[in-house]
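Visitor: Once you've had a glance at the structure underneath, I'll fire off some questions.
The values are calculated or read from the model by the stated rules, or taken from the named source; none is laboratory data. Just so it is clear, the model here is predicted, and its values are computed rather than measured. In this analysis, Cβ positions are derived from the backbone assuming ideal geometry, glycine residues included, and neighbour counts consider all displayed protein chains.
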Amino acid sequence: MTQRIQSLSEVTGAYDVVLSDVWGVVHNGVEAFPQSCEALARASKAGATVVLITNSPRRSADVIIQMRALNVADETYDRIVTSGDVTRKLIAEGPKKVFLLGPERDMNLLDDLGVTVTSAEEAESIVCTGFFDDEKEVPEDYTDMLKAWVARDLPFICANPDLIVERGHKMIPCAGAVAAYYEQLGGKSRIAGKPHHPIYEAAIAEAQAVRGPVERSKILAIGDGMPTDVRGALSQELDLLYISGGIHAAEYTVGGQTDEAILKAWLTAQNATPKFWMPRLA
């Protein structure tokens, strides 16, 4: 049974490493969650190695800048691994003529990889970091473009596997939604971020670079996303602390509070058994 806890400090003594999600746990894209940052900072001070593991399509250096702007202190974590970091290996291994589907700010994801950015018609590979305008667009807006790529059997490299993310109080679609639609149309996607193995392998390697060899039984994952954080942690056989106040809150919230009975029924329906849960990391 999934155990309700009141504080991260109740359980961190049993773990050497904490792998924490960022969006929905540490911040919501607009502001940091101070109690969450404090909880992770205390875990680090108490001896756990805290690695942030995020499906952001940006490189880790860019995410650090973003988090500082949101008042996430550097002391909140020891290392960070992004989906953008591990996706660069997929890009480097793929065809060299690339079309970037996503905002201009993500273009540096392609730096120093030996690829050439080209048009949608000339591309031999697609790298998707998101939407051109994620405030207004949905995957179906790209139907004609995606169908043309499917017809040419182009690989679709998804740099952010998240389907949606909470930005402030709005739900915003992510690159993972486009990748899912591409597959629905008959295309093939390549993904290295959560819930897939490469990002966990990289995150655990970062933890081991700090503290030496780590047993998986001594790693605690934290996250709020069922298809990414939950599926990823459980597939990697890691203990999981589920944050119920994230993107799935509407599934089991009554009167502004998580209803534990509804939550546990929902988790059962999802065939997911986190070891612990709490509404927000604190």
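Visitor: Do the conditions hold for GLY246, that is, is it within 27 Å of VAL17 (Cα to Cα), in contact (Cβ under 8 Å) with a residue 60 or more places away in the chain and not basic (Lys, Arg)?
Guide: The answer is yes for GLY246.
The rows are residues; the columns are (1) closer than 25 Å to VAL51 by Cα; (2) not in a strand (DSSP E or B).
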site	(1), (2)
GLU75	yes, yes
ILE80	yes, no
ASP106	yes, yes
ALA120	no, yes
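For (1) outside any loop (DSSP other than H, G, I, E, B); (2) in contact (Cβ under 8 Å) with a residue 12 or more places away in the chain; (3) closer than 25 Å to ARG190 by Cβ, each residue gets a yes or a no:
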| position | (1), (2), (3) |
| --- | --- |
| SER44 | yes, yes, no |
| ILE53 | yes, yes, yes |
| ASP62 | yes, yes, yes |
| ARG68 | yes, no, no |
| ASN71 | no, yes, no |
| GLY84 | yes, yes, yes |
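Visitor: Considering the stretch 136-168 alone, what residues qualify as being touching a Lys or Arg at 6+ places or on another chain (Cβ under 9 Å), closer than 21 Å to THR54 by Cα and charged (D, E, K, R)?
Guide: Correct list: ASP162 only.
Visitor: Return yes or no: is LYS97 touching an Asp or Glu at 6+ places or on another chain (Cβ under 8 Å) and over 30 Å from ALA221 (Cβ atoms)?
Guide: It is true that LYS97 is touching an Asp or Glu at 6+ places or on another chain (Cβ under 8 Å) and over 30 Å from ALA221 (Cβ atoms).
Visitor: Among the numbered criteria (1) within 20 Å of LEU163 (Cβ to Cβ); (2) exposed (fewer than 15 other Cβ atoms within 10 Å of the Cβ); (3) among the hydroxyl-bearing types (Ser, Thr, Tyr), which single criterion is violated by THR129?
Guide: Only one criterion is unmet by THR129, namely (2).
Visitor: Can you spot a residue in the stretch 42-65 that is under 21 Å from PRO173 (Cβ atoms), among the basic types (Lys, Arg), modelled with pLDDT of 95 or more and touching a helix residue (DSSP H, G or I) at 6+ places or on another chain (Cβ under 7 Å)?
Guide: yes
Visitor: Are there any pairs, at least 6 apart or on different chains, whose C-beta atoms fall under 8 Å, with the first in the stretch 196-220 and assigned by TED's automatic domain parsing to the domain that holds LEU234 and modelled with pLDDT of 95 or more and the second surrounded by 15 or more Cβ atoms within 10 Å (Cβ to Cβ) and of a type in the set (Phe, Trp, Tyr), and if so, which?
Guide: Matching pairs, first to second residue: LYS218/TYR15; ILE219/TYR15; LEU220/TYR15.
Visitor: On the basis of being in contact with a strand residue (DSSP E or B) (Cβ under 7 Å, 6 or more places away or on another chain), over 22 Å from PRO161 (Cβ atoms) and surrounded by fewer than 21 Cβ atoms within 10 Å (Cβ to Cβ), does ASP74 make the cut?
Guide: no
Visitor: Based on what the data block shows, is GLU166 over 14 Å from THR87 (Cβ atoms) and either under 15 Å from the mean Cα position of the chain (by Cα) or modelled with pLDDT under 95 (or both)?
Guide: yes
Visitor: Could you check how many residues of the stretch 258-274 are in contact with a helix residue (DSSP H, G or I) (Cβ under 9 Å, 6 or more places away or on another chain) and of a type in the set (A, V, I, L, M, F, W, C)?
Guide: 5
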